[in-house]
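**Student:** Quick one: the structure is below, and I'll ask about it shortly.
The values are calculated or read from the model by the stated rules, or taken from the named source; none is laboratory data. Predicted model, so just to flag it, every value in this text is computed and none were measured. Here the Cβ positions follow ideal geometry from the backbone for every residue, glycine too, while neighbour counts run over all protein chains shown. Protein only, heavy atoms only, side chains kept; ligands, DNA and RNA dropped before computing areas. Shrake-Rupley method; radii C 1.70, N 1.55, O 1.52, S 1.80 Å.
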Amino acid sequence: MRKVETSSKKKSLFKKILSSSNVGDFIFERLTLLFAVSVFLLVILLGYEMYQGSKLSIEKFGWSFLVNSTWDPVREIYGALPIIYGTVVSAALALIIALPLSIGVAIYLSEVAPPWLEKPLSFLVELLAGIPSVIYGLWGIFVLVPWIRKVVEPYLSDKLGYLPFFKGAPYGFGLLAAVIILSVMVLPIISSISRDVLKSVPRSQREAALALGASKWQSTMIVLRDARPGILGATMLGLGRAIGETMAVTMVIGNRALISPSLFDPSYTMASVIANEFTEATSEMYLSALIELALVLFVITIIINALARLLVWSMDRKWKTT
Amino acid sequence: MKFRTIISIVFLALSISSVAHAQLQLNGAGATFPAVIYSKWFDEYKNATGVQFNYQAIGSGGGIKQITEGTVDFGATDGPMSDQQLAEAKSKQGADVLHIPTVMGAVVVSYNIPGLNGKLNLDGTTLANIFLGNITKWNDGAIAKLNPKVSLPDKAIVVAHRSDGSGTSFIFTDYLTKVSKDWETKVGKGTSVNWPVGLGGKGNDGVAGLVKQTEGSVGYVELAYAVKNNIAYATMKNKAGKFVEASFSSVSAAAEGSSKDMPADLRVSITDAAGKDSYPISGFTWLLVYQNMKDEAKANALVNFLKWAMGKGQTFATELYYAPLPKAVVKMCEKNISTITANGKKIK
């Protein structure tokens, strides 16, 4: 026994690590740490590269890049306000439409639907999430836009035309089409993740509620309360997709940098501008302005994600204390 | 067994790539508009001579950037490089960039006016006013004056333009800049501009889709695209005051018409060209090459290819919906090609 101990002492540290039973754990730990750190580094590198690329434009325009509303490549004046506005408004409106619908879908699938219906429906919802966005775009051009032009916009301007949101000529292409297509794209993401979150709430919660005499509705509300942080996370993922969506949006939004209260007017998003103009941007300043646009998009995404984390965290705390 | 298959595939791939390396390969990048005829040319030329080309249609901006950085052997663009860009390329690579026109394209004005029978006639000022938002109805006096024989509806005009940066937009806005002072001061020319009115569609198909779907709309697309897809387009009044329909011959005529006062470096716009048969919204597309190249073998191959493109290459143009260069311009190109050197030495 003693002999074994002394001989092990003689072994070098390296051999000690190798011979110990935890060698697998050790490698596993370091390797996963490396992966985790590399993600962190990647984010920093991305931000740094974009900052470097947009230096020219940042130095020339400063904050006016964010508040000026002229985007004129000919005169090299770059103000991104209408583009930022278009991005944020289209994503936010899409979320407002999609969120209640997706939570409804998720509740039905996890709480109400009989198993024979739940399986195929869930499959369909997940299938929707996997459709490439250019296909949504084509559907938008050929089905959604004509429908909006002929049915939705005339109806809205007839009934609610006194509101500034529904003024102007019905082109079909415009902010409204983009909002609808985005909400269709975001819906399957939020609902499929929310469904998983709802399903992961322990069965005992529901049983306890029902045993105490709660109705189905009341027990569902309790389950929903437990699942709040997860649903919020799903919403943020959906919002991320809506903000970054390029192809489908640029095919239907009308692509003009314009701030208008009317949903009928064309608008523009940051991702679309970059995709549209990057290939033919010949001057250094133009390229730099487009990269700054990417940087702004990056920062907005980070801010939204941080806010979401904060929200989840504060909700968690509140939930634990009550 | 599986492992052995993978190994053999890897070796096969390696041996193929080493064979490819043995051949001479010229790399190029740039404009998307001429990509169709370029790939035809490269294919034909490879079959004839064995010289391989690798062309990436990444857009004119990318083409200019890459030739400036020296990462490709030749670039391609739909809009000529500016003096500043030329100076930058010279300072980086120590040689001048030559612009060699290869083929021509034209931009046509397509429209969707319900109930209109017959062709629409337009002139430059009216077109500029429509795209500026000054003319908003189809029965406006200015349009009616150009079209005395047809009755135009009292319908709002919806303008459609390209949302992506493109050589098509460059030629179109270049034309409007020449014919309208208002356009020049308010908008100007470029691959992307700050459009005063209208909806943006991505690509020729995007604009064509907007026009097709929206009643009362007007937009612009490449001639090749319009011909291939049977899209109706307007007849334009040219500088000589004649209404001319866009066709391969009227586009070539535009280059012929402006060939007399073309600068030697061929960085020239041929919109609003002189000559009674000239279609006014036409333009060149260029290959960009260095006048002095460091690699002799590549310089030889490139010069021979350019000579071939000016001769036999031109015969492929019309079948692919491009307008061929007129003889006068081919002569000027050949003169410029003959000035290309490899390390200061003339190429045989």
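**Student:** Taking H placed 1.01 Å from N in the peptide plane, check which residues at least 5 places from residue A:71 or on another chain put their amide H under 5 Å from its amide H.
**Tutor:** It is A:79, by chain and number.
**Student:** Round to the nearest 10 and give me the degree value, 0 to 90, for the angle of helix A:23-53's Cα axis relative to the longest principal axis of chain A.
**Tutor:** The helix A:23-53 is inclined about 30 degrees to chain A.
**Student:** So, in Å, what gap is there between the alpha-carbon centers of the range B:56-120 and the range A:158-218?
**Tutor:** About 47 Å separates the Cα centre of the range B:56-120 from the one of the range A:158-218.
**Student:** Cα axis of helix A:216-226 to longest principal axis of chain A: angle in degrees, 0 to 90, nearest 10?
**Tutor:** The helix A:216-226 is inclined about 70 degrees to chain A.
**Student:** While we're on this one: What are the semi-axes of the equivalent ellipsoid for the range B:264-328, taken as the square roots of 5 times the Cα gyration tensor eigenvalues, largest first, in whole Å?
**Tutor:** Details: eigenvalues 150, 49, 16 Å².
Sorted largest first and rounded, they come to 27, 16, 9 Å.
**Student:** If you don't mind, there's one more thing I want to ask. How big is the equivalent ellipsoid of the protein assembly as shown along its three axes, where each semi-axis is √(5λ) from the Cα gyration tensor, reported in whole Å from largest to smallest? Before the final figure, lay out each step's value.
**Tutor:** Numbers: eigenvalues 539, 311, 96 Å².
Semi-axis lengths for the protein assembly as shown are 52, 39, 22 Å.
**Student:** Separate question: With no solvent and one equal point scatterer placed on each C-alpha of the range B:126-228, evaluate the Debye formula and give log10 I(q)/I(0) for q = 0.12, 0.15, 0.16, 0.20 Å⁻¹, two decimals.
**Tutor:** -0.39, -0.62, -0.70, -1.08
**Student:** Mind checking the mean number of beta-carbon atoms from other chains within 10 Å of the Cβ atoms in B:54-62? Walk me through the intermediate numbers first.
**Tutor:** Working: counts 0, 0, 0, 1, 3, 6, 4, 9, 5.
Neighbouring Cβ atoms belonging to other protein chains average 3 per residue here.
**Student:** Could you work out how far apart the two model spin labels at residue A:310 and residue B:227 are, taking each label as a point 7 Å from the Cα in the direction of the beta carbon, and quote it in nm?
**Tutor:** Here the modelled spin labels are 6.0 nm apart.
**Student:** Would you please state the base-10 log of I(q)/I(0) at q = 0.10, 0.13, 0.19 1/Å for the range A:153-274, with intensities from the Debye formula using one equal scatterer on every alpha carbon?
**Tutor:** Debye intensities relative to I(0), on a log10 scale: -0.49, -0.68, -0.94.
**Student:** Please turn the phi angles of the range B:155-171 into ³J(HN,Hα) values with the Karplus equation 6.51 cos²θ - 1.76 cosθ + 1.60 (θ = phi - 60°), one per residue in order, whole Hz, x for glycine and proline.
**Tutor:** With coefficients 6.51, -1.76 and 1.60, one gets 10, 5, 8, 10, 8, 10, 9, 6, 9, 8, x, 7, x, 4, 5, 4, 4 Hz.
**Student:** Normalised radius of gyration for the range A:64-321, please: alpha carbon Rg relative to 2.2 N^0.38 Å, two decimal places.
**Tutor:** Numbers: Rg = 20.9 Å, N = 258, 2.2 N^0.38 = 18.1 Å.
That ratio works out to 1.15.
**Student:** Could I ask something else about it? For helix A:81-107, report the angle its Cα long axis makes with the longest principal axis of the Cα atoms of chain A; keep it between 0 and 90° and round to the nearest 10°.
**Tutor:** 60 degrees
**Student:** If the cut-off is 18 Å between C-alpha atoms, which lysines fall inside it for residue B:186, apart from same-chain ones fewer than 8 positions away?
**Tutor:** The reachable lysines, counting only those whose Cα sits under 18 Å from residue B:186, are B:178.
**Student:** Could you give me the ³J(HN,Hα) list for the range B:52-63, computed from phi with Karplus coefficients 6.51, -1.76, 1.60 and θ = phi - 60°, whole Hz, x at Gly and Pro?
**Tutor:** These are the phi-based 3J(HN,Hα) values: 9, 10, 10, 10, 10, 7, 9, x, 4, x, x, x Hz.
**Student:** Right, here's the next one. Calculate the FRET efficiency for residue B:39 and residue B:312 from the Cβ-Cβ distance with a Förster distance of 22 Å, rounded to the nearest 0.05. Provide the component values of the computation, followed by the final result.
**Tutor:** Values: r = 16 Å, r/R0 = 0.72.
After rounding, the FRET efficiency stands at 0.90.
**Student:** Just from the alpha-carbon atoms, what are the Rg and Dmax of chain B in angstroms?
**Tutor:** Reported Rg and Dmax, both Å: 22.4, 80.
**Student:** Give the long-range amide H neighbours of residue B:237: residues separated by 5 or more places, or on another chain, with amide H under 5 Å away, using H modelled in the peptide plane at 1.01 Å from N.
**Tutor:** B:122, B:123, B:124, B:244
**Student:** Then there's this: Cross-link partners among lysines for residue A:167, C-alpha distance below 24 Å, same-chain residues fewer than 8 apart left out?
**Tutor:** Residue A:167 reaches A:150, A:159, B:137, B:155, B:212.
**Student:** Let me have the 222 nm mean residue ellipticity of chain B computed from DSSP H runs of 4+ only, each contributing -39500 (n - 2.57), with the sum over all residues rounded to the nearest 500. Write out the running numbers ahead of the final one.
**Tutor:** On the way: 13 runs with 145 residues, N = 348.
Taking each H run of at least 4 residues, the total per residue is -12500 deg cm²/dmol.
**Student:** Here is a further query. Per the helix-only calculation at 222 nm, which mean residue ellipticity applies to chain A, given -39500 (n - 2.57) for every DSSP H run of n ≥ 4 and division by its residues, nearest 500 deg cm²/dmol?
**Tutor:** -23000 deg cm²/dmol
**Student:** Let me ask you something else. Can you work out the accessible area per residue across chain B, with the rest of the protein chains kept in place, probe 1.4 Å, in square angstrom? Don't skip to the answer; put the middle values down first.
**Tutor:** On the way: 14770 Å² over 348 residues.
About 42 Å² of surface per residue is accessible.
**Student:** Just to be sure I understand the curve: with the Debye formula and one point per C-alpha of the range B:126-180, what is log10 I(q)/I(0) at q = 0.19, 0.25 Å⁻¹?
**Tutor:** -0.75, -1.01
**Student:** When averaged across all projection directions, what area in nm² does the alpha-carbon convex hull of the range A:210-278 cover?
**Tutor:** Numbers: hull surface 29.2 nm².
Dividing the Cα hull surface by four gives the mean projection, 7.3 nm².
**Student:** Further question on the same structure: In whole Å, what is the distance between the alpha-carbon centres of the range A:133-148 and the range B:142-156?
**Tutor:** 33 Å
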